[in-house]
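Here is the structure we will look at.
The values are calculated or read from the model by the stated rules, or taken from the named source; none is laboratory data. Quantities reported herein were computed from a predicted structural model and do not represent experimental measurements. Here the Cβ positions follow ideal geometry from the backbone for every residue, glycine too, while neighbour counts run over all protein chains shown. Only protein heavy atoms, including side chains, enter the accessible area calculation; ligands, DNA and RNA are left aside. Shrake-Rupley method; radii C 1.70, N 1.55, O 1.52, S 1.80 Å.
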Amino acid sequence: MSFTGKYELQSQENFEPFMKALGLPDDQIQKGKDIKSISEIVQDGKKFKITVTTGSKVLHNEFTIGEECEMEMLTGEKVKAIVQLEGNNKLVANLKGLKSVTELNGDIITHTLTMGDLTFKRISKRI
């Protein structure tokens, strides 16, 4: 299954508490909570390029399945991570105490971030 495509955010759960726990300033949280972000994924075999545009903020990460890479977090901090592919439709990574799971089902991508007891869930649809 290919992840390649553009996806628009449809809904999200626990945005504010999760961003607060990450240490994002309140003004950034307020600005970001109602913006429909666009995620663009380009998959070439085991190589991925992911660009998430939220208003004027652009987050860009590249990785190869199973290889260590440097990823930029929502806070702007860069951390080392290894992304694994589970089955043919789920990307899983652990980033500094944060578990990231991105699952593709048809035209819907569900991205779940878990940190301790807090879970942040984003659902995006292919456009």
When (1) at pLDDT below 95; (2) of a type outside the set (S, T, N, Q); (3) part of a strand (DSSP E or B) are applied to Ile50, the one that fails is (1)
Item to complete: Tell me, please, whether a residue that is under 14 Å from the mean Cα position of the chain (by Cα), open to solvent by 70 Å² or more (accessible area, probe 1.4 Å) and within 16 Å of Lys125 (Cβ to Cβ) can be found in the range 62-73.
Response: no
*asked:* Please determine whether any residue of the range 5-15 is surrounded by 11 or more Cβ atoms within 10 Å (Cβ to Cβ), free of Cβ contacts under 8 Å to residues at least 60 places away in the same chain and not in a helix (DSSP H, G or I).
replied: no
Worksheet item: What about Val83, is it part of a strand (DSSP E or B), of a type in the set (A, V, I, L, M, F, W, C) and touching a strand residue (DSSP E or B) at 6+ places or on another chain (Cβ under 6 Å)?
Response: yes
Exactly one of Lys20, Lys57 is over 20 Å from Thr119 (Cβ atoms), open to solvent by 60 Å² or more (accessible area, probe 1.4 Å) and touching a helix residue (DSSP H, G or I) at 6+ places or on another chain (Cβ under 8 Å), and that residue is Lys57
Taking first residues from the range 28-46 that are at negative phi and second residues anywhere that are of a type in the set (Phe, Trp, Tyr) and part of a strand (DSSP E or B), the pairs with Cβ under 8 Å that are 6 or more apart or on different chains are Ile38/Tyr7; Ser39/Tyr7; Glu40/Tyr7; Ile41/Tyr7; Ile41/Phe48; Val42/Phe48
